[in-house]
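**Q** Below: one structure in structure tokens.
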């Protein structure tokens, strides 16, 4: 993100509140806050390699679990049934 410099100097006979209000308006006009809020919850998409590794790992775990179920070393429980 590029750096934005906002400078506001106090005019004669201007109150501090007016100065703060003017500064806030300048900041809003630049759109910096909207950009930051927009990027706040965006997540980077995973690379193809990471997705592929995760898929291979998940498939290997599933295969190993199925093998253990066949051997009777793991008991299968069904969720949601009474």
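The values are calculated or read from the model by the stated rules, or taken from the named source; none is laboratory data. In this text, all values refer to a predicted model and were calculated from it rather than measured experimentally. Cβ atoms come from the backbone with ideal geometry, glycine included; neighbour counts cover every protein chain shown.
**Q** Looking at (1) assigned to a loop (DSSP other than H, G, I, E, B); (2) touching a residue at least 24 places away in the same chain (Cβ under 8 Å), which is the only condition residue 35 fails?
**A** Evaluating residue 35 over (1) assigned to a loop (DSSP other than H, G, I, E, B); (2) touching a residue at least 24 places away in the same chain (Cβ under 8 Å) leaves (1) as the failure.
**Q** Of (1) surrounded by 10 or more Cβ atoms within 10 Å (Cβ to Cβ); (2) in a loop (DSSP other than H, G, I, E, B); (3) modelled with pLDDT of 90 or more; (4) under 34 Å from the mean Cα position of the chain (by Cα), residue 45 satisfies all except one. Which?
**A** Against the list (1) surrounded by 10 or more Cβ atoms within 10 Å (Cβ to Cβ); (2) in a loop (DSSP other than H, G, I, E, B); (3) modelled with pLDDT of 90 or more; (4) under 34 Å from the mean Cα position of the chain (by Cα), residue 45 comes up short only on (1).
**Q** Specify which of the listed residues (57, 52) is outside any loop (DSSP other than H, G, I, E, B), under 22 Å from the mean Cα position of the chain (by Cα) and surrounded by 10 or more Cβ atoms within 10 Å (Cβ to Cβ).
**A** 52
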